[in-house]
Amino acid sequence: MDTPNILLISTDQQRHDMVGAAGNPAVSTPHLDRLAAQGALFENCYVQNPVCSPSRASLMTGTYASTHGLYENGVDIAPVTRVFSKDLAEAGYDCGLVGKFHLHSCFHGRTEPRLDDGFRVFRWAHDPYPGSSENAYHRWLRATRPELYERALGERGLFDSMPTEAHYSHWIAEETISYLRTDRRPEQPFFFVANFFDPHHGFGAPEEYLRRYDDVDLPPVNTRPGELQDKPEIQRLTSEHRGGGMPSYVEHTEQQLDEVRRAYYAMVSLVDDEVGRILAVLEEEGLAESTIVVFTSDHGELLGDHQLLRKGPFLYDCSVKVPLIIRWPGVVPAGLRREELVQWVDLAPTFLEAAGIERPRSYQGESLLPLLRGEDVEWRDWALSQYRSSGDPANPSAHLTMLRHDRFKLITHHGAPSTPRQRDGELYDLETDPGELENLWDSAAHREVRLALAERMLDVLAGVEDRRGVQLAPW
């Protein structure tokens, strides 16, 4: 088979259950559902961190947060870091990106520095909000809808609720379509990244998409009375106190929470329609059969579950389990479902193997190609996520490590010497409690399970240490 093109479509903050094909009848995602029917849907894909930058660094480097060093938002990745797009470019791929990248601090509109990333086309816009002069979305909006641009500069919330034809998500699709039709180099295979900002907060969408959910019965918020009484204290503090200038869960009325949730669903449907436009152009340009299409997200969203909103020191499935759909005509059987525990660190080695490129020694993930072919292979029986500080009210710093293994999930909230916080934790039996509502950390009946998982976590952490150096001699 000829070298395939690769189209990576990633959203920001989209939960694993926010795709109709994943079993949520309330969300309208016909284009993603069709993509899943034509390819593979991974039912248990975990990211390596529940916030943007560390997770995206794991994707681009194929390594865990404890290895690549971008441990929290606001940290710059090391300038010498090798990202897999560079390997693809050196192998002859024409590489491009539109939208967010976020391997560096982008606070208050700071322009993100470039790595030696291999992207020939780099249309960067960290988010839709005012800030950096290098924001390519702002330049496009100013040129095409100057009256909207000027109005939005004084009304920040308007950037979330722009009319569809002026919205950031629409711009992402427009730039991707432009690349596919006119900007790519047809003599080369391409790797293109379309990084959407939605369905990230602040919870706004074009009016036409909000209206789609006026009469839709959304699934209830996943919680129970008194749930946070036996959870780590940081969850109660976050539930009650605002962070990053945004209202907490407790500060929302029932109606306001409903509006937030409907806006989130609306954003997902907006992205779905824009993905549909991109997929249609792939067909029109005769590229669909030769292109691997990947749809995923960098992390999830609490959305009121567990009496929490947004993201932070929480490793529930709604935070760290994300959609992963992969279509590769002629290789991936249509309608394939895989239950294995796969991770974002597996994507880089998958792309390089598909392109016929030898994987670097530094990679800690595994290629998904055997699973994508439908083969019956041995696969790791664990997934690891690591949260290190990163945000309110994590003062003092909160450090969490999650191990998903078999039917259980263990989350250690570390204490001294990593942080002055008291050691605490969470333990869930996902077979009997898939909603992660009952914390078994202090359950006497589960003491042996907790110990066994803690020992396995130590083994996993030893296994993912950075050992990329080659031993040249016995000493």
Give the residue that is nearest to the chain's Cα centre (by Cα), with candidates limited to residues of the stretch 316-358 that are closer than 26 Å to Asp198 by Cα and of a type in the set (Val, Ile, Thr).
Val322
Check Glu155, Glu174, Glu150, Glu134 and return the single one that is surrounded by fewer than 20 Cβ atoms within 10 Å (Cβ to Cβ) and touching a Ser or Thr at 6+ places or on another chain (Cβ under 9 Å).
Glu134
Near pairs, Cβ below 8 angstrom, 6+ apart or cross-chain, from the stretch 56-67 (closer than 9 Å to Val83 by Cβ and among the aromatic types (Phe, Trp, Tyr)) to any residue that is modelled with pLDDT under 95 and outside any helix (DSSP H, G or I)
none
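A quick yes/no check of all residues on (1) within 30 Å of Ala57 (Cβ to Cβ); (2) of a type outside the set (D, E, K, R); (3) in a helix (DSSP H, G or I); (4) modelled with pLDDT of 95 or more:
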| position | (1), (2), (3), (4) |
| --- | --- |
| Arg151 | no, no, yes, no |
| Glu175 | yes, no, yes, yes |
| Arg181 | no, no, yes, yes |
| Arg185 | yes, no, no, yes |
| Gly202 | yes, yes, no, no |
By residue number, the members of the stretch 430-459 that are closer than 19 Å to Leu384 by Cβ and touching a Leu at 6+ places or on another chain (Cβ under 8 Å) are Glu436, Trp441, Val449, Arg450, Leu453, Ala454, Arg456, Met457
Kindly list, by first and then second residue, each pair from a residue in the stretch 272-296 that is under 16 Å from Phe192 (Cα atoms) to a residue that is of a type in the set (Asp, Glu) and modelled with pLDDT under 95, limited to pairs with Cβ atoms under 9 Å and residues at least 6 apart or on different chains.
Ser290/Asp2
Picked from the stretch 258-301 (must be assigned to a loop (DSSP other than H, G, I, E, B) and out of contact with any Cys (no Cβ under 6 Å at 6 or more places or on another chain)), the residue surrounded by the fewest Cβ atoms within 10 Å (Cβ to Cβ) is Gly286
Sole miss for Leu430 among (1) touching a Lys or Arg at 6+ places or on another chain (Cβ under 7 Å); (2) over 19 Å from Asp381 (Cα atoms) is condition (2)
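Let's see how each residue does on (1) closer than 24 Å to Ala57 by Cβ; (2) modelled with pLDDT of 95 or more:
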residue: Asp392; (1), (2): yes, no
residue: Lys409; (1), (2): yes, yes
residue: Thr419; (1), (2): yes, no
residue: Leu430; (1), (2): no, yes
residue: Ala444; (1), (2): no, yes
residue: Gly463; (1), (2): yes, yes
residue: Asp466; (1), (2): yes, no
residue: Gly469; (1), (2): yes, no
Gln48 fails exactly one of (1) within 27 Å of Gly202 (Cα to Cα); (2) touching a residue at least 24 places away in the same chain (Cβ under 8 Å); (3) over 14 Å from the mean Cα position of the chain (by Cα), namely (3)
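The values are calculated or read from the model by the stated rules, or taken from the named source; none is laboratory data. Just so it is clear, the model here is predicted, and its values are computed rather than measured. Positions of Cβ are generated from backbone atoms using ideal geometry, with glycine treated the same way; all protein chains shown enter the neighbour counts.
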